[in-house]
1. Suppose every Lys and Arg Cβ carries +1 and every Asp and Glu Cβ carries -1, with no other charges. What dipole size does the stretch B:1-86 come out with about its Cα centre, to the nearest 20 debye?
2. Would you mind listing how long the stretch A:166-216 runs along its three principal axes, going by Cα atoms, in whole Å with the largest first?
3. Where the accessible area of the stretch B:2-72 is counted over protein heavy atoms with a 1.4 Å probe, how much of it, in %, is carbon and sulfur?
4. Whole-Hz ³J(HN,Hα) for each residue in the stretch A:84-95, computed from phi via Karplus 6.51 cos²θ - 1.76 cosθ + 1.60 with θ = phi - 60°, x for glycine and proline: what do you get?
5. Any idea what diffusion coefficient the protein assembly as shown gets from Stokes-Einstein, in µm²/s, Kirkwood Rh on alpha carbon pairs, 25 °C, 0.890 mPa s?
6. For the stretch A:75-153, just the Cα set please: Rg and Dmax, both in angstrom.
7. Filter the DSSP H helices in chain B by two things, a Kyte-Doolittle mean of at least -0.5 and an axial alpha-carbon span of 24 angstrom or more, and list the hits by number.
8. Within 10 Å, count the other beta carbons around each residue, average over each peptide in B:285-291, A:289-295, A:174-180, and list them highest first.
Amino acid sequence: MTRPVLEVENLATHFFTREGVVKAVDGVSFSVGAGEVLGIVGESGSGKSVSGFSIMGLIDPPGKIVSGSIRLNGEEITARDEATMRKVRGKDLAMIFQDPMMTLNPVLRIDTQMIEAVLAHDNVSEQAARSRCIEALSMVGIPSPAERLVAYPHQFSGGMRQRVAIAIALLHRPKLIIADEPTTALDVTIQSQILAEVQKLCAETGTAMVWITHDLSVVAGLADRIAVMYAGRVVEEGPVERVLENPQHPYTNGLIGSVPSANPMGQRLRQIPGSTPSLGRLPPGCAFEPRCAFASDLCRQQRPAIGPDSGGARVACHHPLSRARAS
Amino acid sequence: MLAFIIRRVAQALFVVLAMVIIVFFGTYVVGDPVWMMVPGDATQDQIEQVRREFGFDKPVHVQFLLFVADVLQGEFGRSYVHGGSAIGLILDRMPATLELALVALIFAVVIGLPLGVFAGLKPDHPAARTIMAGSILGFSLPTFWVGLMLIMFFSVMLGWLPATGRGPTTTVLGIETSLLTLKGWQHIALPALNLALLKISLVIRLARSGTREASLQDYVKFARAKGLSPKRIVGVHILKNIMIPIVTVLGLEFGSLVAFSVVTETIFAWPGMGKLLLESIQRLDRPLIVAYVMVVVLLFVTINLIVDILYSALDPRVRLAGKNE
Ligand SMILES: Nc1ncnc2c1ncn2[C@@H]1O[C@H](COP(=O)(O)OP(=O)(O)O)[C@@H](O)[C@H]1O
Ligand code: SF4
Ligand SMILES: [Mg+2]
């Protein structure tokens, strides 16, 4: 078996705020192989974005990666200094952000923002960089790319801006793209168009992808594997069919129950009761315990470690759901 | 655009009229200029003759209407003290003042911008705290006191720079300037620094808050995710964004630089129109005061127009909104 493109092991990223230490990411592990799509799913505040920024090396004080390892093609990147890391960013590792209205600089033309991205890593002429940008724009489905290149961001719709951001991410054919809820801010039709195109582009170029979302239905058709995050930890991780069809963690099960398409017509959606806990004041045992229907005394006292199950997945729960109970 | 300009000009005319009325009656209340114009031992007859000659014997509203009639014919009156055309005297002194204000503006940007951007990028750095403390001082210390301290330190104690006057001037394209010689720069350095002090503080604050705000924006994080160097991110992505408010504010402040130059010019004996104004006020030289006011109001209006145009040139969102109209 070939080595995964990205291996994250026991990653912990904490924010040292005035109110105390916020353990936004606390012992997260996952890996992504070449051409593979990993979906990271979880409610807002569960640490998905912080995981993504940790991989990019874009955690600013008061945040800090306190432990763990991130390997890109087998090479450890957490210990790298800023200058070395900069050579990787945008080249081997690219990221697409959630809000396309905010990711492009409003006062710079698209060509300025694209050409600088080319020149940051490749020593080519401006003319060559420009034609590469035009090519990238047409690849993501932007009509008359040569003309659009000299426009300003506000002359594009939200969907088109996100396509520009994706084009920028693809400029150097990165080994891994981290997409942080890139379609959440867009309406449903554009969302599915972009999803389909990104999927196609990654398959063509063999780019591995981490697709972050709070919406299970988005990753269902896109991801090869799914990691479900809760309160800074991965609670369940495995192949997409195994996790969606046979969820072992009560939280995953709750998430699936709250997706409209997973429910028979006319039946009420089953929302998970309660809300995301404050990261500063997590219970000593399982973080999901206050909201869990299966919680026992053991759950209140001892935090469940993540471990392999029989179906090629991993679960962090003292009382994983059986096949019978899930269906 | 045309409607915009017409509205602006109408506003300006109204401001000029209001200012002229205020200044005219203001100087009338302050005192009778005739005492400044006749020798101390003048006889009553001589005094009456001067009064008649300048029209001071008529009732004040008649004097005002006569004055307005003159102005409408392009005649701004003669200086009581210097005898020459009032507007001509002001315009003669204007290049020196504009030169001083311009250099002060350059100082404000060249000194204030890097300090403010640094303070915005590293808000907790000790140097940043020092810069911010300095900018508070810049805001609160009186201009004349700082001017005197500058003279004390750089001219009297160190003897590096001259304390008074303007350097030799050269005429380039019809404009008289002292900026083409080293001596000229030596003369302008202290007064320009003195005049710039408030604006340096202002630019520091604007640049710092702008930089702090911009650094938190997604587009900066995205620029970092592209692998750009910090130099490029600060120099292009952040700077281009913070320059819009700074250029706007500084442009509008240029008028106040001209106005504040009254104090600086007097301290440093800078031969500009501010110094002339102060002398004219002391001597109740009404035509000169009124001419100064009109020139300054016109200057303000022109500056505001230029700033509006510059603003739309810098911000693509404004530029395109105008084009679509
Ligand atoms: N700069 C920061 N300072 C303090 N806490 C932060 C910061 N950024 C993120 N966090 C904390 O990390 C947690 C996870 O955030 P995030 O990864 O953005 O969640 P999401 O899963 O919605 O992407 C949040 O609850 C937040 O409290
Ligand atoms: S460990 Fe216990 S409380 Fe936590 S999810 Fe499993 S059953 Fe529920
Ligand atoms: Mg997020």
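The values are calculated or read from the model by the stated rules, or taken from the named source; none is laboratory data. Worth saying up front: this structure is predicted, and the values here are computed from it rather than measured. Virtual Cβ from ideal backbone geometry, glycine too; neighbours counted across all protein chains shown. Remember, those area values only see protein heavy atoms, side chains included, never the ligands or the DNA or RNA. Shrake-Rupley method; radii C 1.70, N 1.55, O 1.52, S 1.80 Å.
1. Details: 6 positive and 8 negative charges, 116 e Å.
Using only the charged Cβ atoms, the result is roughly 560 debye.
2. 28, 18, 18
3. Working: 3370 of 4880 Å².
Summing carbon and sulfur atoms, their accessible area is 69 percent of the total for the stretch B:2-72.
4. Here the 3J(HN,Hα) series is 5, 4, 5, 5, 8, 5, x, 9, 8, 10, 10, 9 Hz.
5. Values: Rh = 30.3 Å.
The estimated diffusion coefficient comes to 81 µm²/s.
6. 14.2, 43
7. Details: long enough: B:2-30 (42 Å, 2.21); B:86-121 (50 Å, 1.95); B:182-215 (42 Å, 0.46); B:239-267 (38 Å, 1.48); B:286-314 (42 Å, 2.11).
The qualifying helices are B:2-30, B:86-121, B:182-215, B:239-267, B:286-314.
8. Working: B:285-291: 25.9, A:289-295: 16.9, A:174-180: 24.0.
Packing order, densest peptide first, comes out as B:285-291, A:174-180, A:289-295.
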